[in-house]
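Here the structure comes first, spelled out in structure tokens, and everything after it is commentary.
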Amino acid sequence: MITVGFLVLRESRQMADREIAGLEAQLIAAKKAELRNYLSIARTAFGPIYGNALPDDEAAKRAVMQILAAMTYGSEGFFFAYDYDGKNLVSPRQTWLIERNWAGLHDENGVPVVDEVIRLARQGSGYHSYTWPKPSSGQPAAMVSYVIGLQDWRWAIGSGIFIDDVLASVAAARAETEARVQRTFRYIAAITLASVLAVFLSGLMLNLRERRLAEDKLKALTQRVFETQEEERGRVARELHDSISQILVGVRYILELARRRQATGDDRAGESLNSGIDHLNGAIQEVRRISRDLRPGVLDDLGLGPALQSLAEEFGKRTGIKVTYETNPFRNRLDQNSKIALYRIAQEAFTNIERHSGATEVTMLVRGTKSGALVRIADNGRGMPAQRSDTPGLGLRNMAERMERLDGTLRILPNKPGVVIEAQVPLTHMLPPAGPPPPQTKATP
């Protein structure tokens, strides 16, 4: 807006200068035409005398000078005459100039006056602009003269007209134009300021709104994190209570039975001890399973592919659901965050299949593509209810948020029957291939 304002200001001033220059030229042209008319009238008045006189006819010259001296007009207008040597012959309103030689006279700006008038007269006629004292006030003012030459007498006859009124009109027009330009610039500045304030206030309101939305989203995310933590704690507590706790209680009863049998000399004490040992082995396996669900060691040791394969096999053994696992060489080149996210998504998908789908077959596909790493899990269950797809549960929200943090994509598609879950992370999470190991050097003794 500031640039537009300065451009408008510059263009307006240039246009105003052109218009004012045109106005000034028109007014001065009108003054020059007026001067030509005056000289034409004067020549008509003395023409018969000059036409019938000889070059040395002094009586005719005096008669012409008298006619010119008598021909005044307005408050400032008069005719003047110089001979070609620079001597003033006629100046009715400034008589102190008469009979004096003014060759070499310049005005206050250094413009030659008499010499230029004589030069124009020698050529026949012409206009000359210079500064000359006004007869009424004696103050110098801009003047335009028109001169003709009487070549037989070697005279320069002319008349001048002051153009200070023209210059005043031009100055007034210029001042009015400048005032309009300044007013327009102030309007533009006011509009610019209002626009900047409007944009600033709009940006401030949007910023505050986005900040409130971000705070609300952060609060919701924090709440979901708490809910996830509580759900995970509840799941671990149920696992411990339903499996480990019951197994350990059973082991306790078996050991107490073995102690009583040993105290009574019953030969079945060893049988009870063996049963307790078997139950303890089951507890150890259950602890390992829970630990693997919380953080699978194979994910860190062997990578995503083997960890998902182990997860699928464990899921099939535990639930009896047929699981088909497919993959291509993956080379364990995903970063740690991506491996954890894809593994947790697969865990959540298997949990949903076990709890809600009623499926009998599951297919898991793990592969690397040109777009990144893809995990695809499809089942032949009953699918996802419409009301649930509209309001996804905590597990689905967690899956979506994991992919969102990695700039990945999560798609949940109907399979007819069943559901397909596709999770993909972009290539930016693929690690560069490892280079060859550095050569080993033998230690010098």
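Here are the numbers for this structure:
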quantity	calculated
Test: residue in segment 211-233 that is surrounded by 13 or more Cβ atoms within 10 Å (Cβ to Cβ) and in contact with a His (Cβ under 9 Å, 6 or more places away or on another chain)	no
Residues satisfying the stated conditions in segment 60-102, i.e. β-branched (Val, Ile, Thr) and closer than 22 Å to residue 34 by Cα	64, 67, 72, 90
Inter-residue pairs, beta-carbon under 7 Å, first hydroxyl-bearing (Ser, Thr, Tyr) and in segment 163-179, second part of a helix (DSSP H, G or I) and modelled with pLDDT under 75, 6+ apart	177/16; 177/20
Residues that are of a type in the set (S, T, N, Q) and either under 19 Å from residue 15 (Cα atoms) or loosely packed, with under 14 Cβ neighbours inside 10 Å (or both), drawn from segment 152-187	169, 177, 182, 184
Residue identified as among the aliphatic types (A, V, I, L, M) and closer than 30 Å to residue 179 by Cβ among 20, 41, 49	20
Tally, over segment 39-53, of residues that are closer than 16 Å to residue 147 by Cα and among the aromatic types (Phe, Trp, Tyr)	1
Odd one out for residue 96, checked against (1) closer than 21 Å to residue 127 by Cα; (2) out of contact with any strand residue (DSSP E or B) (no Cβ under 9 Å at 6 or more places or on another chain); (3) among the aromatic types (Phe, Trp, Tyr)	(1)
Residue in segment 22-29 that is aliphatic (A, V, I, L, M) and over 28 Å from residue 127 (Cβ atoms) present	no
Segment 1-47, residues that are among the aromatic types (Phe, Trp, Tyr) and closer than 15 Å to residue 188 by Cα	6
Residues of segment 308-357 that turn out to be among the hydroxyl-bearing types (Ser, Thr, Tyr), open to solvent by 30 Å² or more (accessible area, probe 1.4 Å) and touching an Asp or Glu at 6+ places or on another chain (Cβ under 8 Å), as a count	3
Where a residue in segment 33-45 is free of Cβ contacts under 8 Å to residues at least 40 places away in the same chain and its partner, wherever it lies, is in a helix (DSSP H, G or I) and surrounded by 15 or more Cβ atoms within 10 Å (Cβ to Cβ), with Cβ under 7 Å and at least six apart	45/67
Residue within segment 71-80 that is loosely packed, with under 12 Cβ neighbours inside 10 Å, modelled with pLDDT of 90 or more and among the small types (Gly, Ala, Ser) present	no
Residue satisfying all of: in segment 81-93; farther than 14 Å from residue 145 by Cβ and not basic (Lys, Arg); most open to solvent (accessible area, probe 1.4 Å) among these	85
Looking only at segment 106-129, and only at residues there that are aliphatic (A, V, I, L, M) and not in a helix (DSSP H, G or I), the one that is least open to solvent (accessible area, probe 1.4 Å)	113
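Residue by residue, here is whether (1) charged (D, E, K, R); (2) touching a residue at least 40 places away in the same chain (Cβ under 8 Å); (3) farther than 21 Å from residue 140 by Cβ holds:
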residue	(1), (2), (3)
77	no, yes, no
92	no, no, no
97	no, no, no
108	yes, no, no
112	no, no, no
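The values are calculated or read from the model by the stated rules, or taken from the named source; none is laboratory data. Since the model is a prediction, treat every value here as computed from it, not as a measurement. For neighbour counting, all protein chains shown are included, and Cβ atoms are generated from backbone atoms with ideal geometry for every residue, glycine included. Note: areas computed on protein heavy atoms with side chains; ligands, DNA, RNA excluded. Shrake-Rupley method; radii C 1.70, N 1.55, O 1.52, S 1.80 Å.
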